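The values are calculated or read from the model by the stated rules, or taken from the named source; none is laboratory data. Just so it is clear, the model here is predicted, and its values are computed rather than measured. Every residue, glycine among them, receives a Cβ derived from its backbone with ideal geometry; neighbour counts consider all protein chains shown.
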Amino acid sequence: MKWRDREQSRNVDDRRASSGRSGGGRGLPSIGTLMFLWPIIKPLLRSKLGLAVVGIGAAAYFFMPSIIGGGSSKPVSTAKDDEKAAFIKTVTADTEKVWGKIFAQAGERYPPATLVLYRGGTRSGCGPARSGMGPFYCPEDRKVYVDLSFFDDLKRKHGAGGDFAEAYVLAHEVGHHIQNLEGTLDKVQRAKMRLSGAEGNQLQVRTELQADCYAGVWAHQAQKQFKILEPGDLEEALTAADSIGDDRLQKQAQGFAIPHTFTHGTSKQRMEWFARGVKSGLMKDCNTFAQ
Ligand SMILES: [Zn+2]
């Protein structure tokens, strides 16, 4: 996907620094600390032994936190992490432009979802968000939560790497935001209270497949407006849709699949609905509830 040097979303709540583990070393001591310590340091600098003491002291100041932490703490923000964040913000901006236009054509204003980036864990309007949960949308606070480590998993565990696979997953979450704005999530939630577990899951599957279709609509329109696709991109997204179908995930986890417990749809269904959205580019072709 062509994303570098393109506009990034501003609707971002970047919590990577506060949500992840604490950083490795410390930053530079403040001027105040230096001024406070200067009367002690100054005479020491005159002798070799004193210099050694100051050197060891400084080394301890900078490195002790990581030694105490058993060397397990990682820097909060690495270059790779920043690159991933830049990519996610660019895709988010693309979803804002595409949905903004679709809403405007219907005479409405599109209120964008806020993107929350975190590592490790954070609080969401829908309860605690933890690494390993995968990206999700919380209708209560209208925010998409993305744990940066998820995309490593997508590649490692599910064999679905590639930037457009990641873009598809993000566009799917924004699809849930669209469903929230349309009132669909509310309706499904209310209907599920009246239904049995299996029937409720059926409805949940239709909700998920519609979000896949909306992700396809986004891909279609984004390609039309910004020419973002590179060869192999759509295949990457389809592989991702295939690899995170409920049947596939259940088989991976327990060795067999139980259809009535599916809440996301089978791999085949997910691929079909995403492809349908890509082909048509229209929301009206995403009525998974009518089928
Ligand atoms: Zn979903």
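The sole residue among GLN202, GLN223, GLN210 that is in a helix (DSSP H, G or I), over 26 Å from TYR118 (Cα atoms) and modelled with pLDDT under 95 is GLN202. In region 253-268, the residues that are within 16 Å of the ligand (Cβ to nearest atom) reach residues that are small (Gly, Ala, Ser) with C-beta atoms within less than 6 angstrom, at least six apart or across chains, in these pairs: THR266/GLY245; SER267/GLY245. Residues in region 230-274 that are hydrophobic (A, V, I, L, M, F, W, C) and in contact with a Lys or Arg (Cβ under 8 Å, 6 or more places away or on another chain): ALA241, ILE244, ALA257. Under the condition of being within 16 Å of the ligand (Cβ to nearest atom) and either acidic (Asp, Glu) or not assigned by TED's automatic domain parsing to the domain that holds THR207 (or both), the residues counted in region 116-142 number 1. Across region 223-281, the number of residues qualifying as exposed (fewer than 13 other Cβ atoms within 10 Å of the Cβ), under 20 Å from VAL174 (Cβ atoms) and not basic (Lys, Arg) comes to 1.
Within region 144-203, restricting attention to residues that are touching a helix residue (DSSP H, G or I) at 6+ places or on another chain (Cβ under 8 Å) and hydroxyl-bearing (Ser, Thr, Tyr), the residue that is nearest to GLN221 (Cα to Cα) is TYR168.
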